[in-house]
Structures are given as C-alpha cells and as structure tokens.
Amino acid sequence: MPVTRRSTNWAGNVAFRADGVHRPASLREVQSLVARNGKVRALGSGHSFNDIADTPGALVSLAGLPPTLEIDAAAGTVTVGASVRYAELGRRLHEKGHALPNLASLPHISVAGSIATATHGSGDTNGNLATAVSALDMVTADGDLVSLTRSRDGDRFHGAVVGLGALGIVVSVTLDITPSFDVRQHVYEGLPFEVLDQHFSDVVSRAYSVSLFTGWRDARIDQVWVKYRVDRPGERSADEEDWFGARPAGGPRHPVPGMSAVHCTEQLGMPGPWFERLPHFRPDFTPSSGAELQSEYLVPRRYAVDALHAVNGIRDRVAPVLQISEIRTIAADELWMSPSYGRDTVALHFTWIPDTGAVLPVISLLDERLAPFDARPHWGKLFTTPPEALRSRYPRLPDFHALVRHFDPGGTFTNDFLDRHLLGGH
C-alpha cells in the first residue's frame, strides 16, 4: 500500500501531524488499515480550513480505490466511490441524462468529504449536498463494512450522513438523481443594501439558485449571481434591466473584484447543462493553490436581515482582511449534525486574505456578533465559537454521541477537533 507525503491542507494553514497519507488500492486494504491502527482519519480533497481531518495516526486517501460510478435509472440513484469529485460525477451523470439537485460553488471537492461536513450550494428549495444521500457504506473501527440506508435505518441514518468522519471511513455513497436540466446564469451589480430590509426573500427566491457577493466596503451588494432553470418558465425573466435597483453586468465577472472571469462558469444568459452552471467555477479548472482562508456562519432564515446588519455594523473590521463574502440560502433538513438541521438557513460566507494572525480576531468578532442569531459555523472552515455554545445549537448532539459510542467505542476516528468542539466529556 503506497504512502505519500502530504504535509498540509489545500490552503496550507493546517500542518498535518501524520507522517504520510496511506493510499489503499482496495476495500480490503482499507479494512486492514483501519483495523490495525489506533487512530485513523480520511482525507478527501483537503479543502477544509481547520484541523477536522487531522490525526497523529494514519491519514487515508481513498483516491486509489476503483472510481465506482453506477447509475440505477429505475431507482433514480447513483452510487459513487467516496473520492469521486463532483466535477467528474456531474459530467458522467449529464452524459446519461441525469443530474444532481445542486452543487457547491467549487466542483473540484470530493463527494464524501463534502457530505461529511454538510457543504452546500444555494437555493431556497435546495438542501445541502448531504440531503441527496440515500445510502452509504463505511468501514468501522474493527474493519467491518457497514451499510446504512435512508429507507431501512431511518433516524440513525440521519445521524450518520453528516458524520464529520467520527463514525468510520465512508467508502461509497448513493445519491438521489433527477433528469438533467439546463441553467442560464446572469450577474447583476450594485444592489443597494437597504433593498434587503424589505425584499430579502424576494431577491433570494427569484431563481433556482441565487448568490449575493459583497466586500462589505460600503452599503451595497457588489454582485448578484442568478441561476435560472431553463425548464421552469414560471421563474422570473433574467432579462430585466432594473433588478431591485441592480444593473446587468456588462460582461463576465469573477466574484472577487479585479480577478479574471476566465475560470468562472458561463454567464450572460447562455444556457448550459446544470453541472457547468450551478458552480461558480468551471469543472475543467482545478485550483492550484489556496491563497485564502475561509469562514462561514449559518443562521436561521428568520434572522437573515438582522444578521446581515450585524455584519454591516463591523464592516470596518471585516473589509480590510476580506477577499469576498457570499450570502446564500439553504433549505432545512433532518440530518442531525447539519448546520441546516431543522431550519431554513441563510449562510454568510467569508473568503479571507491568507493571514491567520490578522483574520482570527475578526472571526472572533463575527462569532460574537452572530451568536444572538444561533449561528452554526461550517464544520470545515475557521471559527472560534466556544464549545459549550456550539454544542447547545445542535439538539441531536446527545444522540450523535450515542452513535459515535456505538460505531467507534475506542475512539479510532476521534481527533482533537472533534474532542474540542463536540465530543469532549461525552
């Protein structure tokens, strides 16, 4: 079994403690590796910005396993290997006439890693990526292969999908699929911030997926990315000259001001397949480095405007260390450890400059200002939420503790991140 060197995450802000990354070539090798190691964690595409994937034991990449991708058209599902990335999955599904309901802004992330941390796209009626999961297979601490399904395992399944790597090494997942569809994307500029006070719901529900981008430098939303499904003529026209006071962009745009749009997905209303429009970045463009840090806070939809005003009130602290901020909506779900569990959600995402010392005090301030709105941070990004406050925001956490004890009584898959934030003293 090859062992490769991987010293940091994609962004370079986390140094892994493991000596290397094991790359098993078969399920049997995964089972053997887990069974003989005291500490194990799976490593996906490395796009987490904290130590959620770290371990002093064995880091495991599943990229060496056969790239399973099996479509069951009759059941409306696709089963994929854990390391398959959404860019490849999207292309293959579309070739066969199928689609996923939604995608994240970056399509180069691994399926299992994205699901484990409840990564999401945007859209009032769209759940996070994990809500598409109908079954999963994982290797547990003793090396056994365990299968869980939505139809058979019910509530326990809801606890396992966003598992944060705490229950086992997920080796494959089965996802719900739909018929393929086309999307046309428009970008609008200069949306006055005060429009959101009365029309937030109107703005974000205007299309299948809507993203608001701002640098928090003044009282406006710099860009609104609007993604319409071509097969839904009931959605409002994307050809309006005056869009809540914002104007159509005069050409392709990148979310970060001043950056070339060459790697962004097609805009200006040109229809294209879902997997080439729902992300913000092209599937055939792979980021070579991560000169950034990221945070994200998910608040109940009812607090959306108040939370935006809370951030606007400290924009003099946020803007100097920010590259761009994105505001999205996510539908409620039943997955215990999902930040959207039990509530329709608004996500406030921050892409920071790559300076941890300058950024962390601002993240701490954001934690403080968003705490009154029951904010849940994204599991794979930077946050300073006190553990006791974080735990109080997940009503099914005691049940998740019980699930961890059931599947991993010896703590094979626990690590400092999980102990610090969720499992300490359980």
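See the values below:
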read-out	value
Boolean, Gly342 is under 28 Å from Val60 (Cα atoms) and either under 19 Å from the mean Cα position of the chain (by Cα) or at pLDDT below 95 (or both)	no
Residues satisfying the stated conditions in segment 345-387, i.e. of a type in the set (Ser, Thr, Tyr) and under 19 Å from the mean Cα position of the chain (by Cα)	Thr345, Thr351, Thr384, Thr385
Residues satisfying the stated conditions in segment 78-91, i.e. crowded, with 24+ Cβ neighbours inside 10 Å and over 19 Å from the mean Cα position of the chain (by Cα)	Val78
Test: residue in segment 195-202 that is surrounded by fewer than 24 Cβ atoms within 10 Å (Cβ to Cβ), touching a strand residue (DSSP E or B) at 6+ places or on another chain (Cβ under 7 Å) and either assigned to a helix (DSSP H, G or I) or not polar (S, T, N, Q) (or both)	no
Yes/no for Ile109 being modelled with pLDDT under 95, at negative phi and among the β-branched types (Val, Ile, Thr)	yes
Pairs where the first residue, in segment 293-308, is in the same structural domain as Ile221 (by TED's automatic domain parsing) and more than 16 Å from Ser340 (Cα to Cα) and the second is part of a strand (DSSP E or B) and among the basic types (Lys, Arg), C-beta under 6 Å, 6+ apart	none
Subset of segment 285-306 (residues that are under 20 Å from the mean Cα position of the chain (by Cα) and within 20 Å of Asn126 (Cβ to Cβ))	Glu296, Tyr297, Leu298, Val299, Pro300, Arg301, Ala304
Among residues of segment 366-413, those that are hydroxyl-bearing (Ser, Thr, Tyr) and touching an Asp or Glu at 6+ places or on another chain (Cβ under 7 Å), counted	2
Any hit, segment 79-87, residues being in a helix (DSSP H, G or I) and either within 19 Å of Leu278 (Cβ to Cβ) or at pLDDT 95 or above (or both)	yes
Total residues in segment 91-144, condition assigned to a helix (DSSP H, G or I) and either of a type in the set (Val, Ile, Thr) or free of Cβ contacts under 8 Å to residues at least 24 places away in the same chain (or both)	5
Residue match in segment 399-418 (condition: under 26 Å from Ile327 (Cα atoms) and β-branched (Val, Ile, Thr))	no
Qualifying residues in segment 400-425 (those that are surrounded by 15 or more Cβ atoms within 10 Å (Cβ to Cβ) and not hydrophobic (A, V, I, L, M, F, W, C)) - the one nearest to Ala358 (Cα to Cα)	His421
Filtered residue count, segment 93-107, keeping only those that are farther than 22 Å from Phe213 by Cα and not aliphatic (A, V, I, L, M)	6
Subset of segment 51-77 (residues that are surrounded by 15 or more Cβ atoms within 10 Å (Cβ to Cβ), assigned to a loop (DSSP other than H, G, I, E, B) and small (Gly, Ala, Ser))	Ala53, Gly57, Ser61, Ala63, Gly64
Sole exception among (1) modelled with pLDDT under 95; (2) in contact with a His (Cβ under 7 Å, 6 or more places away or on another chain) for Gly424, by number	(2)
Whichever residue in segment 256-282 is among the hydrophobic types (A, V, I, L, M, F, W, C) and within 23 Å of Leu93 (Cα to Cα) and, among such residues, is surrounded by the fewest Cβ atoms within 10 Å (Cβ to Cβ)	Met270
All positions within segment 25-78 that are touching a residue at least 60 places away in the same chain (Cβ under 8 Å), within 23 Å of Ala166 (Cβ to Cβ), in contact with a strand residue (DSSP E or B) (Cβ under 6 Å, 6 or more places away or on another chain) and of a type in the set (S, T, N, Q)	Gln31, Asn37, Ser45, Thr55
Sole exception among (1) over 18 Å from the mean Cα position of the chain (by Cα); (2) at negative phi; (3) part of a strand (DSSP E or B) for Gly190, by number	(2)
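So that you can scan it fast, the table gives a plain yes or no per residue for (1) among the aromatic types (Phe, Trp, Tyr); (2) assigned by TED's automatic domain parsing to the domain that holds Phe200; (3) part of a loop (DSSP other than H, G, I, E, B); (4) buried (at least 23 other Cβ atoms within 10 Å of the Cβ):
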{"position": "Ala319", "(1), (2), (3), (4)": "no, yes, no, no"}
{"position": "Gln323", "(1), (2), (3), (4)": "no, yes, no, no"}
{"position": "Ile327", "(1), (2), (3), (4)": "no, yes, no, yes"}
{"position": "Pro339", "(1), (2), (3), (4)": "no, yes, yes, yes"}
{"position": "His349", "(1), (2), (3), (4)": "no, yes, no, no"}
{"position": "Gly357", "(1), (2), (3), (4)": "no, yes, no, no"}
{"position": "Pro361", "(1), (2), (3), (4)": "no, yes, no, no"}
{"position": "Leu366", "(1), (2), (3), (4)": "no, yes, no, yes"}
{"position": "Arg369", "(1), (2), (3), (4)": "no, yes, no, no"}
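The values are calculated or read from the model by the stated rules, or taken from the named source; none is laboratory data. None of these values were measured; they are calculated from a predicted model. Counting neighbours? That spans all protein chains shown, and the Cβs are built from the backbone with ideal geometry, glycine included.
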